[in-house]
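In what follows, a structure is listed as structure tokens, so that the remarks can point back to it.
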Amino acid sequence: MASLGQLFWSFFKIGTFTIGGGYAMIPLMEKELVDRHQWLTSEEFMDIIALSQTMPGIFAANMAAHVGWRLRGLPGAVASLIGNILMPILIILMLAAGLHYLQGNAVVEAVFKGIRPVVVALIAAPVFRMAKTAKISRYNFWIPLAAALLIWLLGVSPIWIIVATGIGGFLYGKNIEGKEATS
């Protein structure tokens, strides 16, 4: 079982070394929580990702709090959350204090332009891993594809996509249960 110190330290490392926000943290979280410490299975990790996306607030903070809660209750949630947000808050405060010195600096702008493709890769890599864990196949690949296209091309709110797929999954599950009961 994870100690509060282990939870804090694991999420502190994740929060410190991730550039690009919550979704870019997914590979580091998976490596730390599933592979290294084996506190969660791949399926549990994916369930927490799905739940954290549907909750209001910051994705990375939701992930940290939920993992901490699952492993150690309220104290675990607090330790994980503080560990996850402490360094980013300090970095933001430092950047805000020195922002007027950095504004218009060609080197700083070049660094941020160079970081952008890396952030895209950090977000894209777990998508493919999650697809495998979610058992995306040639029969159901159209569901995430349709959802992405509806959001991207037609501007449909992700909330409506989540509600629709939740209802669809519920109805599909009820249909399967009904068929099994009559067999």
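Taking a probe of 1.4 angstrom, what is the accessible area of Glu32 in Å², to the nearest 10?
Estimated to the nearest 10 Å², Glu32 gives 20 Å².
Would you mind working out the accessible area per residue for the stretch 1-46, using a 1.4 Å probe, and quoting it in Å²?
Spelled out: the 1.4 Å probe surface of the stretch 1-46, per residue, equals 51 Å².
Val120 accessible area, nearest 10 Å², 1.4 Å probe?
Counting only protein heavy atoms, the figure is 100 Å².
Let me see the pair-distance distribution of the stretch 57-112: every alpha carbon pair, 5 Å bin width, integer percents in order.
4, 19, 17, 16, 11, 11, 10, 7, 4, 1
Just to verify a number: what accessible area does Leu95 come out at with the full protein assembly present, 1.4 Å probe, Å² rounded to tens?
Accessible area, nearest 10 Å²: 80 Å².
Taking a temperature of 10 °C and a viscosity of 1.306 mPa s, what whole-number D in µm²/s does Stokes-Einstein yield for the stretch 32-137 with Rh from Kirkwood over alpha carbon pairs?
Here the translational diffusion coefficient equals 98 µm²/s.
Below 8 Å between Cα atoms, with a sequence gap of 6+, how large is the relative contact order for the stretch 64-183 in percent?
9 percent
Shape of the chain from its Cα gyration tensor (a ≥ b ≥ c, root eigenvalues): rounded if a/c is under 1.5, otherwise prolate when a/b > b/c, or oblate?
oblate
Ignoring the sites themselves, what is the longest stretch of the chain with no trypsin sites (Lys or Arg not before Pro) in a DSSP loop and at most 15 other beta-carbon atoms within 10 Å?
1-134
Roughly how tilted is helix 42-54, in degrees to the nearest 10 and between 0 and 90, from the longest Cα axis of the chain?
80 degrees
Using Cα atoms only, what is the angle between the long axis of helix 106-133 and the major principal axis of the chain, expressed in degrees (0 to 90) to the nearest 10?
Approximately 20 degrees, to the nearest ten.
If the cut-off is a Cα-Cα distance under 26 Å, which lysines reach Lys13, setting aside same-chain residues fewer than 8 apart in sequence?
Here the lysines satisfying the reach criterion relative to Lys13 are Lys31, Lys113.
Mind ranking Trp160, Trp142, Trp39 by accessible surface for me, highest first, 1.4 Å probe?
Ranking Trp160, Trp142, Trp39 by accessible area, largest first, yields Trp160, Trp142, Trp39.
Taking a ≥ b ≥ c as the square roots of the Cα gyration tensor eigenvalues, with a/c under 1.5 meaning rounded and otherwise prolate when a/b beats b/c, else oblate, which class fits the stretch 105-161?
Oblate is the answer for the stretch 105-161, as a/c is 1.5 or above yet b/c matches or exceeds a/b.
The values are calculated or read from the model by the stated rules, or taken from the named source; none is laboratory data. Because the structure is a prediction, the values reported are computed rather than measured. No Cβ is skipped: glycine too gets one built from the backbone with ideal geometry, and neighbour counts run over all protein chains shown. The area values use the complete protein model at the heavy-atom level, side chains included, leaving out ligands, DNA and RNA. Shrake-Rupley method; radii C 1.70, N 1.55, O 1.52, S 1.80 Å.
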